[in-house]
Amino acid sequence: MDEHKNQIAVVQARLDETPLLSAMAYEIWREHFPPIVGQATVDYLLDKIQSSEAMAHQIREENIVYYFLTFNGEKVGYMAVRVEGDVLFLSKFYLKKEFRGKGIARTGMNYFEDFCRQRQLKKIYLHVNRKNLGVIKIYEKLGLKNVGAEVTEMGHGFVMDDYVMEKVIS
């Protein structure tokens, strides 16, 4: 057995950490999303929903709670959730490229499955871009199912063309 096993944790972010969350968002989104949605869409959405100010607003006004994903103590990704009645909306779930494939996403999903069980929430749902095929496969491996499609107007001619995926919590 390796006694120096990699440590993965989910840690709630503080309001004063939104600049760090936003910097991470800019890094991840600029690496991952331009081939999927185009650079103009990435730039617009980073400013609209992933800036430090937008994240602080989401925490203060929209009941969104952000979490860091850590790997051996290093912040390597983030998630954001909101309880909506008896379900959990997984608003954001992003990992830096070099930390993908290390079990971090599974740990994050397990954390929120336990979160749901503790609060008697019935399911987790999220939106994922229809063209984000690799991530859709990961979500399927994590037990989420595609339950439909949704197009959301984001303003200035930008839309989010997503699948809605969910996982029933038992």
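Listing for the model above:
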quantity: Ratio Rg/Rh [Cα only; Rh per Kirkwood] for the chain; calculated: 0.94
quantity: Residue among His127, Ser170, Gly73 farthest towards the positive dipole end of the chain, charges placed on Cβ; calculated: Ser170
quantity: GNM result for the chain, Cα springs below 10 Å: residue of Gly38, Gly85, Gly157 fluctuating most strongly; calculated: Gly157
quantity: Residues with amide H under 5 Å from that of Lys92, placed H, sequence gap 5 or more; calculated: Ala80
quantity: Ascending count of other beta-carbon atoms within 10 Å, so fewest first, for Ile136, Ile8, Ile124; calculated: Ile136, Ile8, Ile124
quantity: Selected from Arg60, Arg130, Arg30 as most flexible by GNM, with the chain as the system and alpha-carbon contacts under 10 Å; calculated: Arg60
quantity: Value of [θ]222 nm, deg cm²/dmol, for the chain, DSSP H segments ≥ 4, -39500 (n - 2.57) each, nearest 500; calculated: -11500 deg cm²/dmol
quantity: Hz values of 3J(HN,Hα) by residue in segment 45-59 - Karplus curve (6.51, -1.76, 1.60), Gly and Pro given as x; calculated: 5, 4, 5, 6, 10, 10, 6, 4, 5, 5, 5, 4, 4, 4, 5
quantity: Computed Kirkwood radius, in angstrom, where 1/r is averaged over Cα pairs of segment 87-170; calculated: 13.7 Å
quantity: The chain: Lys pairs at Cα distance under 13 angstrom, eight or more positions apart or on different chains; calculated: 9
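Bear in mind these aren't lab numbers, they're just calculated from the coordinates by the rules spelled out. Model, not experiment: these values are computed from the prediction. Don't worry about glycine lacking a Cβ; one is built from the backbone with ideal geometry, like all the others, and counts go over all protein chains shown.
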